[in-house]
Amino acid sequence: MITLKGTSIYLRALEPEDLEFIYAIENNESVWEVSNTQTPYSRFLIRQYLENAHQDIYEAKQLRLAICLNDTFEAVGLIDLFDFDPKNNRAGVGIVISNETNRNSGIGSEALQLVINYSFNQLQLHQLYANIGSKNEISISLFTKFGFQKIGVKKDWNKINNQYEDEMLYQLINHN
């Protein structure tokens with residue numbers, strides 16, 4: 001069974017050639033509010049990050065994978081496992097699709113399903129969690145579709161457009 005390949009997309013490790021793609025995503029101000037970013041990233045910093053991307057999840061405590069289309073091999077998004085905690089068998093998960101054209105096309109759903117399967121079957125994680133802004137209805141819908149449950153609210157957690165907004169914590173427990 002190939003864990004990171006789906007019907008229309010596959011997930012792969014980052015390559016040095018992903019520099020411009022990652023640069024464009026990290027410097028896209030429209031996604032900064034969901035990634036808690038406020039400053040742009042330089043190509044230099046992203047190049048350094050890519051040089052260390054070979055570290056495995058046990059060493060780096062994170063894993064960032066490119067979401068690529070099966071038919072064109074084009075990278076269309078990123079999905080991350082972060083705050084990897086091997087002692088407690090958990091990690092956070094986050095996803096970004098690079099442009100409006102590819103959003104609401106099922107790519108995010110397929111990528112999340114692949115990461116859930118990988119996390120529970122290969123990494124033997126007990127749980128995944130996601131931090132989602134209370135107004136991010138698309139992400140809430142995506143994660144709840146896969147059984148993530150809201151387990152908490154962080155009141156006035158993020159300042160967006162000069163107003164404080166709640167952030168919710170969603171969790172998926174592996175009961176197998």
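The values are calculated or read from the model by the stated rules, or taken from the named source; none is laboratory data. Treat the numbers as computed from the prediction; the structure is a model and nothing was measured. Glycine also receives a Cβ, built like all others from the backbone with ideal geometry; neighbour counts cover every protein chain displayed. Heads up: the accessible areas ignore ligands, DNA and RNA and are worked out on the full protein's heavy atoms, side chains in. Shrake-Rupley method; radii C 1.70, N 1.55, O 1.52, S 1.80 Å.
Which one, I97, N27, T144, is farthest towards the positive end of the dipole of the chain when Lys and Arg carry +1 and Asp and Glu -1 on their Cβ?
It is T144, whose Cα lies furthest towards the positive end.
For V76, V153, V96, give me the order by solvent-accessible area with a 1.4 Å probe, most accessible first, ignoring ligands, DNA and RNA. Intermediate values should be presented prior to the final figure.
Values: V76 0, V153 70, V96 30 Å².
Descending order: V153, V96, V76.
Quote the charge dipole size of the chain about the Cα centre in Debye, to the nearest 20; the model charges only the Cβ of Lys and Arg (+1) and of Asp and Glu (-1).
Dipole size: approximately 540 debye.
Explain nothing, just the number: dipole magnitude of the stretch 83-168 about its Cα centre with +1 on each Lys and Arg Cβ and -1 on each Asp and Glu Cβ, in debye rounded to the nearest 20.
160
Here are a few candidate values for log10 I(q)/I(0) by the Debye sum over Cα atoms at q = 0.09, 0.20 Å⁻¹: [x] -0.31, -1.63; [y] -0.27, -1.36; [z] -0.43, -1.29. Which one was actually calculated from the structure I just gave you?
The listed entry that was calculated here is [x].
If you restrict to DSSP beta bridges whose two residues both lie in the chain, what percentage is antiparallel, to the nearest 5?
Numbers: 34 of 37 bridges.
In the chain, DSSP labels about 90 percent of beta bridges as antiparallel.
In the chain, carbon and sulfur make up what percent of the accessible area (probe 1.4 Å)?
Looking at the chain in its full context, I get 48 percent from C and S.
Once ligands and nucleic acids are excluded and a 1.4 Å probe is used, how much of E100 is accessible, expressed in Å² to the nearest 10?
Here the residue's solvent-accessible area equals roughly 130 Å².
Give me the count of lysine pairs in the chain whose alpha carbons sit under 30 angstrom apart, restricted to pairs 8 or more positions apart or on different chains.
Value for the chain: 24.
Quick check: residue separation of H54 and S141 times 0.36 nm, minus the Cα distance between them. What number comes out in nm?
That works out to 28.1 nm of additional length.
List the residues whose amide H sits under 5 Å from the amide H of N174, counting only those 5 or more places along or on another chain, with H placed 1.01 Å from N in the peptide plane.
Distant-sequence amide H within range of N174: Q127, L128.
Averaging sequence separations of C-alpha pairs under 8 Å and six or more residues apart, then dividing by the length of the chain, give the relative contact order as a whole percent. Provide the component values of the computation, followed by the final result.
Working: 275 pairs, mean separation 32.4, N = 176.
Relative contact order here is 18 percent.
Counting only residues 5 or more places away or on other chains, whose amide H sits under 5 Å from the amide H of G133 once H atoms are built in the peptide plane?
Answer set, sorted by chain and number: M168.
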